[in-house]
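Structure first, commentary second.
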Amino acid sequence: MTDFGAQTSAQRTQPRRNDETQQAPPRALITAAAADLLHRLQQRHGPVMFHQSGGCCDGSSPMCYPDGDFIVGDRDVLLGVLEGAPVWISGPQFETWKHTQLVIDVVPGRGGGFSLEAPEGMRFLSRGRAFTDAENRLLASDSPLTGADYERGARPAERTDLVVIEAADACAIPGRRAGVVQQ
């Protein structure tokens, strides 16, 4: 299912401010540490994808699978593509999370039993940041892609402002923007 093209850290640039470009904010970000682990997993396993679990067995964690090992449903929603890895969430769960930016981070510990990082002694972790009213207005006119859209050939616009130095850098503090990994 992957044809996103992996980006390297050298291709990451400073994000444009949403208020200057009127571009909707990304629905998903990844920390630099999580991106490093993701790159190692991609080197070992080839293309991978994330699916934000619904909390049944593995809590509410981003599960990392070899691309194609998890069947994306027609109603699943593509939150974004992080370092070449698509990030999916179920449609009903998206309705609950649509006002929240997902930040994929990594912490020491054992990952979910089926997630690729489990043997690494690390686990991916979802953190969230509530979108501002202005960001929600921009997002309202920017419908996310669904699995059905993707199956019909739709693809997201490429973004380069998706890696933050730390999860805290994604949290809005008045007058402060996210610290983004530079070239």
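Of ASP105, ASP142, all but one fail to be out of contact with any Asp or Glu (no Cβ under 7 Å at 6 or more places or on another chain), among the charged types (D, E, K, R) and part of a strand (DSSP E or B); the exception is ASP105. Can you report the number of residues in the range 104-134 which are modelled with pLDDT of 90 or more, farther than 20 Å from LEU82 by Cα and either in contact with a helix residue (DSSP H, G or I) (Cβ under 8 Å, 6 or more places away or on another chain) or among the basic types (Lys, Arg) (or both)? The number of residues fulfilling the criteria is 1.
Residues of the range 77-109 that are more than 17 Å from PRO26 (Cα to Cα) and either surrounded by 20 or more Cβ atoms within 10 Å (Cβ to Cβ) or in contact with a Cys (Cβ under 9 Å, 6 or more places away or on another chain) (or both): VAL106 alone. Within the range 6-37, the set of residues being small (Gly, Ala, Ser) and either in a loop (DSSP other than H, G, I, E, B) or at pLDDT 50 or above (or both) comprises ALA6, ALA24, ALA28, ALA32, ALA33, ALA34, ALA35. Considering only the range 92-103, I want to know if a residue exists there that is of a type in the set (Val, Ile, Thr) and either modelled with pLDDT under 90 or in contact with a Pro (Cβ under 9 Å, 6 or more places away or on another chain) (or both). For the range 92-103, residues of a type in the set (Val, Ile, Thr) and either modelled with pLDDT under 90 or in contact with a Pro (Cβ under 9 Å, 6 or more places away or on another chain) (or both): absent. Right, ARG127: among the basic types (Lys, Arg), within 14 Å of the chain's Cα centre (by Cα) and part of a strand (DSSP E or B) or not? Yes. Specify the residue that is nearest to the chain's Cα centre (by Cα); the eligible residues are those in the range 43-64 that are surrounded by fewer than 20 Cβ atoms within 10 Å (Cβ to Cβ) and at pLDDT 90 or above. Top of the filtered list is PRO47.
The values are calculated or read from the model by the stated rules, or taken from the named source; none is laboratory data. Keep in mind that what you see is a predicted model, and the values were worked out from it rather than measured. Cβ atoms come from the backbone with ideal geometry, glycine included; neighbour counts cover every protein chain shown.
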